[in-house]
Amino acid sequence: MGYSCLLGIRKVRCILSHDLVAQASLEELEAVVAHEMNHLRAGDVWATMVVSVLNCLFFFLRPVRLISRHWREETELACNEATVVITGKPIPLATAILRAQGVQVSSKPLPTMALAFAQEEACAAEKRIE
């Protein structure tokens, strides 16, 4: 299962897992990097740090956890939308999201039925793909 993320405070780097680089197509990698750069442009690196600290301090408060999860979902959706606008290619982003969730993706059309049988985390990908 591949993944990507931004790491760093002063000098932020885009990290791509070996599995992602080995399995993804060039278009999917372009979509993933564009997605991460949208997080950088939006200032999500700092905001994620603040949200994480608040989660650690107030883990016992359910509203904090719910707001945090909602914020993460919304930032992912916003970056997905911006990525599609920038690249003009929604399918490579969708297949990269599926790969990150551990769903087998071939060069055939997008396997929408795969989401019905995927794990709970992969089902959350359905909203991102839409």
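Taken together, the values in this text are just the output of simple stated rules run on the coordinates, not laboratory data. Here the structure is a predicted model, which is why all the values come from computation and not from measurement. Cβ atoms come from the backbone with ideal geometry, glycine included; neighbour counts cover every protein chain shown.
Conditions (1) without any contact (Cβ under 8 Å) to a residue 40 or more places away in the chain; (2) of a type outside the set (A, V, I, L, M, F, W, C); (3) in a helix (DSSP H, G or I), marked per residue:
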{"position": "ASN38", "(1), (2), (3)": "no, yes, yes"}
{"position": "TRP46", "(1), (2), (3)": "yes, no, yes"}
{"position": "GLU74", "(1), (2), (3)": "yes, yes, yes"}
{"position": "CYS79", "(1), (2), (3)": "no, no, yes"}
{"position": "ILE86", "(1), (2), (3)": "no, no, yes"}
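Inside region 57-77, can you point out the residues that are among the aromatic types (Phe, Trp, Tyr) and surrounded by 11 or more Cβ atoms within 10 Å (Cβ to Cβ)? Explain how you work it out, then say what you get.
Applying the first criterion (among the aromatic types (Phe, Trp, Tyr)) to region 57-77 yields 58-60, 71.
Listed by number, the residues that qualify are PHE58, PHE59, TRP71.
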Any idea which residue in region 78-98 is surrounded by the most Cβ atoms within 10 Å (Cβ to Cβ), counting only those that are of a type in the set (Gly, Ala, Ser) and within 20 Å of VAL21 (Cα to Cα)?
ALA96
Of the conditions (1) hydrophobic (A, V, I, L, M, F, W, C); (2) in contact with a helix residue (DSSP H, G or I) (Cβ under 9 Å, 6 or more places away or on another chain); (3) free of Cβ contacts under 8 Å to residues at least 60 places away in the same chain, VAL32 satisfies every one except a single condition; which number is it?
(3)
